[in-house]
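Engineer: Got a structure for you, questions after.
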Amino acid sequence: MVTVAIQVPLRNADAVQKVIAVLKVDPAFPNTIRGLQYHSTQRQVLTATVRGEDVRAVRLATHALLEQLKLIVRTMEEFDVSVQ
């Protein structure tokens, strides 16, 4: 099994929870990976873990996850989402 864990620091704990809520709506490649988990290990750090049997599937899912994260963070910055 292949596992990739990504840690992303955000502004505050509320921002982490909002990002997790958005990511859970549209999971990346749900049929090709065995597990995709989001949680906050620290107050301001989002941890995303991707698991799968195939290295290629995990790589593609990780890439899609990073693209989603980039879009979410840019959207929050553009609209100056108040996450207090």
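Engineer: Sketch the reach of a paramagnetic label on R51 as a point 7 Å from Cα along Cα-to-Cβ, and name the residues of segment 1-19 whose backbone nitrogen lies under 20 Å away.
Structural biologist: The answer is 1-8, whose backbone nitrogens lie closer than 20 Å to the label point.
Engineer: Given an 8 Å cut-off on Cα distances and at least 6 residues of separation, report the relative contact order of the chain as a percent.
Structural biologist: Details: 112 pairs, mean separation 31.8, N = 84.
38 percent.
Engineer: Given the alpha-carbon gyration tensor of the chain, what are the semi-axes of its equivalent ellipsoid in whole angstrom, ordered largest first, with each equal to the square root of 5 times an eigenvalue? Write down the numbers at each step before the final one.
Structural biologist: Numbers: eigenvalues 115, 34, 18 Å².
Working through the eigenvalues yields semi-axes of 24, 13, 9 Å.
Engineer: Do the sum for the chain: with -39,500 (n - 2.57) for every DSSP H run of n ≥ 4, divided by all residues, what is the mean residue ellipticity at 222 nm, to the nearest 500 deg cm²/dmol?
Structural biologist: On the way: 2 runs with 37 residues, N = 84.
Estimated from H runs of four or more residues: -15000 deg cm²/dmol.
Engineer: Relative to the first principal axis of the alpha-carbon coordinates of the chain, what is the inclination of helix 13-25, with its axis defined by its Cα atoms, in degrees from 0 to 90 and to the nearest 10?
Structural biologist: Around 40 degrees separate the two axes.
All of the numbers you see were taken from the coordinates with simple rules; none came from a lab. Please read these numbers as outputs of a predicted model, since none were measured by experiment. Neighbour counts are summed over all protein chains in view; Cβ atoms, including those assigned to glycine, are modelled from backbone coordinates with ideal geometry.
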